[in-house]
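The values are calculated or read from the model by the stated rules, or taken from the named source; none is laboratory data. Here the structure is a predicted model, which is why all the values come from computation and not from measurement. Quick reminder, even Gly has a Cβ in these numbers, built from the backbone with ideal geometry, and neighbours come from all protein chains shown.
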Amino acid sequence: MNLVYGDASRGMAIRQGETGGVLAHELGHACGLNHVNYTLGGLVSQELLLEMNWSGGDGTGHYPPDLEHQNLVRRILMYPYKVNSAQDIPLGSVKGSVNVGGTVIVSPMSCGFTDMVTREPIH
């Protein structure tokens, strides 16, 4: 096919035998979501989950106080590696990491509902 990368008319395909989680992850890309990864340690916090995903509460809000942020990221649908529990879609972006030329950069990753692009038809 001679369609330009990113052209919405290209469609999507996954290998036969893949899981529904892989399909959901690829649908996330079709809706404009990006991979989220995290290579540094530390517990979940409002700083890492960002305001929109922080439910307040005692200690860490919605998440158990001993949950490592990297383990939370593994639960997010847009985590780029196959993990059976990767099914959460946060409300908004979550801080994650990107390796750029050997340098790890930590920044908000577009992996949540508010990061989805408007798709037609709207339901």
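Table: residues versus (1) at pLDDT 70 or above; (2) assigned to a loop (DSSP other than H, G, I, E, B); (3) of a type in the set (Ser, Thr, Tyr); (4) over 19 Å from the mean Cα position of the chain (by Cα).
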residue: Asn2; (1), (2), (3), (4): no, yes, no, yes
residue: Met12; (1), (2), (3), (4): yes, yes, no, no
residue: Leu27; (1), (2), (3), (4): yes, no, no, no
residue: Gly32; (1), (2), (3), (4): yes, yes, no, no
residue: Leu49; (1), (2), (3), (4): yes, no, no, no
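Scan region 72-95 residue by residue and report those that are part of a strand (DSSP E or B) and farther than 20 Å from Ala30 by Cβ.
Of everything in region 72-95, just one residue is part of a strand (DSSP E or B) and farther than 20 Å from Ala30 by Cβ, namely Lys95.
What number of residues in region 68-116 are among the hydroxyl-bearing types (Ser, Thr, Tyr) and exposed (fewer than 14 other Cβ atoms within 10 Å of the Cβ)?
5
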